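One structure below.
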Amino acid sequence: MATVSPKCSLSELIIRLFDVDGLKFGNFSMRTGEISPVYVDMRVMWSYPDIVKAVCENIWKLAEGLQYQHICGIPYQGIPMATYLSTSRDIPMLLKRQHVKSYGTGRLIEGHYRDTDVVLLIDDVLMTGGTFLKDVPQFRSEGLEVIDCVVFLDRDQGGADRVSGQLNVKVHSVVTLPQVFEILLKAERVTQSTVDTTLQYLKDNQFHGAVV
C-alpha cells in the first residue's frame, strides 16, 4: 500500500485514510445515541507515520495564520497532533488533563502561561461540538483565552455553528465530510448511492442547542 508525503494533496490523504479504514461506511452506534452510516476513525493513523505527518501538516496550513501564544491538543487524539506541531514549529504547548489529580500540583492545565494568553485548540474530528463546549470554559476559568480551534475533519452536523454561537470561538476545519465524499466518489472508492444516503443522514441529524 503506497504511502503519502507530508506535502501530498488533500485528495491523496483522504484516499489513503480510506484505504486503511480511517473512514468506514455501514451502521455505527454514536456517542450521541443515533446510528450513523459513516464513521471516521482517526485513531488508525497512529499506525501510519506518513498519515500522521500529512494530517498535521494540513492542520498547520490553517493554524499558521492564526494568532495565539500556545497550542493544546484536546485529550486524547489532539495531544499527539499538538505535540507534532509544537516540536516541528517551536510553538509552546500546554497539556490539559482529563481530570484534576488530588496529588502533585493539582493543576488542570500543565505548562507555563500568563493570564490572557491565547491558546489554539487542536482536535481530530468535530461532530456535535460538545467537547469544545465543555473544554473552552475550563481554559477560560484558568485565565487563558480561546479564540480559534482547528480540527482535521468536520462531520458538518452543526458543531461549528454551536461552538461559534455559544462560545464566540471559530472552528476551522481542513475538510468536511461532504468534501470527503466528493473525493472518494471521484476516486471510485464509494458509490453515488452510498454518498446520497450519507448526505441525507447528515442533513437529518444536525445538532443545535444544549451540550451533547
message: Under 6 Å between Cβ atoms, which residue pairs at least 6 apart in sequence (or on different chains) link something in the stretch 57-75 that is free of Cβ contacts under 8 Å to residues at least 60 places away in the same chain with a partner that is among the acidic types (D, E) and part of a helix (DSSP H, G or I)?
response: none
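Each row is one residue, and each column tells you yes or no for (1) surrounded by 20 or more Cβ atoms within 10 Å (Cβ to Cβ); (2) in contact with a helix residue (DSSP H, G or I) (Cβ under 8 Å, 6 or more places away or on another chain); (3) of a type in the set (D, E).
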{"site": "V136", "(1), (2), (3)": "yes, yes, no"}
{"site": "E142", "(1), (2), (3)": "no, no, yes"}
{"site": "D154", "(1), (2), (3)": "yes, yes, yes"}
{"site": "Q166", "(1), (2), (3)": "no, yes, no"}
{"site": "S173", "(1), (2), (3)": "yes, yes, no"}
{"site": "F207", "(1), (2), (3)": "no, yes, no"}
message: Quick check on my filter: what residues within the stretch 15-35 are of a type outside the set (A, V, I, L, M), assigned to a strand (DSSP E or B) and more than 18 Å from the chain's Cα centre (by Cα)?
response: F25, G26, N27, F28, S29
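Each value in this text was obtained by applying a stated rule to the coordinates, not by laboratory testing. This is a predicted model, so every value here is computed, not measured. Note that each Cβ is placed from the backbone with ideal geometry, even for glycine, and that neighbours are counted across all protein chains shown.
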